[in-house]
Amino acid sequence: MRRIYLDYAATTPTHPDVVKAMLPYFSDSFGNPSSIYGCGQEAREAIEGARASVAALIGARGEEIIFTSGGTESDNAALKGVAYANSNRGNHIITSSIEHHAILETSHFLQTQGFEVTYLPVDEHGMVDPDDVRRAITDKTVIVSIMHANNEVGTIQPIAEIAKITGEAGVYLHTDAVQTVGHIPFNVDELGIDLLSMSAHKLYGPKGVGAFYIRKGTKLLSFLHGGEQEFGRRASTHNVPGIVGLGKAAQIAQQEMDEEAERVTRLRNRLISGILENIDHTRLNGHPQVRLPNNVNVSISYAEGEAMCLNLDREGICCSTGSACSSTATEPSHVLLALGLDPLQAHSSLRFSLGKWTTEEEIDRVLEVLPRVVAKLRAMSPLLKSHH
Ligand code: PLP
C-alpha cells in the first residue's frame with residue numbers, strides 16, 4: 001500500500017538534496033568549526049554559508065541569525081531572554097491563546113517567576129485583533145509574542161499591523177514563524193519584527209536544528225552558557241550537518257517557494273471543497289482565505305477525530321487530529337476551543353497538511369476514502385443516533 005503523507009505541518013521528509021549536502025559533514029569534514037586547522041575551517045565556512053542562506057530567506061543579516069536546536073529552543077530563548085534582560089523596565093508579556101506549547105508553557109513558567117502574562121483571545125477564524133494588542137500594552141510590557149501562522153488551523157496573523165503598534169510603544173515583537181518560513185515569502189524588515197523562531201524540519205530540513213533571528217540591538221540574555229559559539233549567545237559545539245542541512249533547505253525554499261505555494265494552494269482548495277461538498281455536517285476551521293497554503297482543518301460532526309485518523313491510517317493516509325505535539329493527549333485542542341468550538345466539535349476535527357510531494361491523485365484518494373470512513377463511524381456513533 002502506498003503511503004499518502006498529509007502531515008507536513010508535524011514534520012516534513014528531509015529533501016534528498018539536503019541529505020546529500022549534509023553527508024560530507026559527518027565524515028570528511030567532521031572538524032570542529034572552532035578549530036583553526038583545515039577541516040575545522042571547512043566546517044566553519046559551511047556554517048557561515050548556511051547562515052547567509054537562512055538570513056537571505058527572511059531578509060535578515062547573517063550576524064542576526066543564531067543556530068539553535070529547533071523551534072522550541074528559539075521560542076524559549078526569545079521569551080525568557082527578553083523577559084530577564086529587560087526586567088528593570090517591566091515584567092509584562094503579551095501573547096495569544098493559540099500559540100504553540102513552546103510559547104504557552106514558557107509563558108506559564110515565567111508566571112511562576114514573577115512575570116505577568118496576558119493571553120489575547122482570537123476571533124472565530126483564529127485571528128488576533130491588533131487593537132487588542134494595543135489595549136493590552138502597559139508601561140510594564142517588555143515583549144509581545146504572536147505566532148506568524150497557527151500550526152493547527154493555519155490562520156496567518158496580521159503581524160505587520162501588530163509590529164506598528166509594538167514599534168510605537170517601544171516593545172519588542174517576537175513571532176513564531178515555524179510554520180511559515182520557507183512556505184510563504186516574508187521579510188523581517190517589512191514585517192517589522194525583532195525576534196523570530198524557525199525550525200528546519202518544517203521546511204524539508206533535518207530535525208533537531210533551527211534558527212533564531214535577533215534584530216541588531218535587541219537586549220537579550222543567553223541561557224546556554226559555555227563556549228563562545230554563535231557570537232557568545234548560544235554555547236555548544238555546532239551541529240554542523242544539521243546547520244548545513246538547514247542552509248540547503250533555505251536555499252531550495254527560496255527558489256521553489258512561490259511556485260510551490262501556488263501549487264499546494266490549488267490542492268488544498270480541492271481537498272477543502274471536496275470534504276465540505278461531499279460530507280454533510282462538516283465545517284472548515286481557521287480563516288477561509290488568510291491561511292497557510294498547505295493547511296486543511298475540518299470538523300466532521302458525529303465522527304471522532306482519533307477514530308477517523310486511525311481508520312485513514314489503515315488505508316495508508318497519514319493526517320493529524322490537532323497538533324502533533326498533543327496527539328497523545330485526550331484534551332481537546334486549546335486552539336480549536338479558543339476559536340469557539342465546543343469540546344465535541346474539537347474532538348471531531350482533522351488536520352491535513354500538504355507539501356512538496358503531495359499530488360492531485362493523493363487528494364482524490366482522500367476524497368474517496370474519507371466519506372467512507374466517516375459513514376462507517378457515524379453508523380456506529382451513538383452521538384449521531386441521538387442527533388436524529
Ligand atoms: N512552534 C510551532 C508553531 C510549531 O508548529 C512547532 C512544531 O511543532 C514548534 C514551535 C516546535 O518546533 P521544534 O519541533 O523544532 O522544537
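The values are calculated or read from the model by the stated rules, or taken from the named source; none is laboratory data. Note that the structure is a prediction, hence the values are computed from the model and not measured. Please note: Cβ atoms are built from the backbone with ideal geometry, for glycine as well, and neighbour counts cover all protein chains shown.
Every residue, every condition in (1) surrounded by fewer than 19 Cβ atoms within 10 Å (Cβ to Cβ); (2) more than 16 Å from Ser53 (Cβ to Cβ), yes or no:
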residue	(1), (2)
Ile193	no, yes
Met198	no, no
Arg215	yes, yes
Leu221	yes, yes
Gly227	yes, yes
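Give Arg263, Arg234 a once-over and let me know the one that is surrounded by 20 or more Cβ atoms within 10 Å (Cβ to Cβ) and not polar (S, T, N, Q).
On the way: Arg263 fails: surrounded by 20 or more Cβ atoms within 10 Å (Cβ to Cβ).
Being surrounded by 20 or more Cβ atoms within 10 Å (Cβ to Cβ) and not polar (S, T, N, Q) holds for just one of Arg263, Arg234, which is Arg234.
Can you find even one residue in segment 36-45 that is out of contact with any Leu (no Cβ under 6 Å at 6 or more places or on another chain) and at positive phi? I'd like the intermediate steps shown before the answer.
Step one: filter segment 36-45 for residues out of contact with any Leu (no Cβ under 6 Å at 6 or more places or on another chain), giving 36-45.
Now restrict to residues that are at positive phi: none.
No, there is no match, as no residue in segment 36-45 is out of contact with any Leu (no Cβ under 6 Å at 6 or more places or on another chain) and at positive phi.
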Exercise. Kindly indicate whether any position in segment 161-183 is of a type in the set (A, V, I, L, M), touching a residue at least 24 places away in the same chain (Cβ under 8 Å), away from the ligand (no atom under 11 Å from the Cβ) and under 30 Å from Ala21 (Cβ atoms).
Key: no
Self-check item: Residue pairs meeting the criteria (Cβ under 7 Å; at least 6 apart or on separate chains; first away from the ligand (no atom under 11 Å from the Cβ), in segment 135-156; second part of a loop (DSSP other than H, G, I, E, B) and polar (S, T, N, Q))
Solution: Lys140/Asn91; Val142/Asn86; Ile146/Gln157; Val153/Asn285
Practice problem: Considering each of Ala78, Ala50, Ala102, Ala83 in turn, give the residue that is of a type outside the set (S, T, N, Q), surrounded by 20 or more Cβ atoms within 10 Å (Cβ to Cβ) and within 16 Å of Ala249 (Cα to Cα). | Solution: Ala50
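Select from segment 8-45 the residues that are among the aliphatic types (A, V, I, L, M) and closer than 23 Å to His201 by Cα and list them in ascending order.
From segment 8-45, those among the aliphatic types (A, V, I, L, M) are 9-10, 18-19, 21-23, 36, 43; that's our starting set.
Answer for segment 8-45, where residues must be among the aliphatic types (A, V, I, L, M) and closer than 23 Å to His201 by Cα: Ala9, Ala10, Val18, Val19, Ala21, Met22, Leu23, Ala43.
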Quiz prompt | Whichever residue in segment 53-96 is within 14 Å of the ligand (Cβ to nearest atom) and polar (S, T, N, Q) and, among such residues, is nearest to Ile156 (Cα to Cα) | solution = Ser96
Practice problem: Could you list, in sequence order, all residues of segment 223-273 that are out of contact with any His (no Cβ under 7 Å at 6 or more places or on another chain) and polar (S, T, N, Q)? | Solution: Ser236, Thr237, Asn239, Gln251, Gln254, Gln255, Thr265, Asn269, Ser273
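Suppose we filter Ser353, Ser320, Ser326 for residues that are within 30 Å of Leu57 (Cβ to Cβ), under 21 Å from the mean Cα position of the chain (by Cα) and either modelled with pLDDT under 95 or acidic (Asp, Glu) (or both); which single one remains? Before you say what the answer is, go through the steps one by one.
Numbers: Ser353 fails: either modelled with pLDDT under 95 or acidic (Asp, Glu) (or both); Ser320 fails: either modelled with pLDDT under 95 or acidic (Asp, Glu) (or both).
Just one listed residue meets the conditions, Ser326.
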Exercise. State all residues of segment 273-326 that are without any contact (Cβ under 8 Å) to a residue 40 or more places away in the chain and either within 16 Å of the ligand (Cβ to nearest atom) or at positive phi (or both); if no residue qualifies, say none.
Key: His281, Thr321
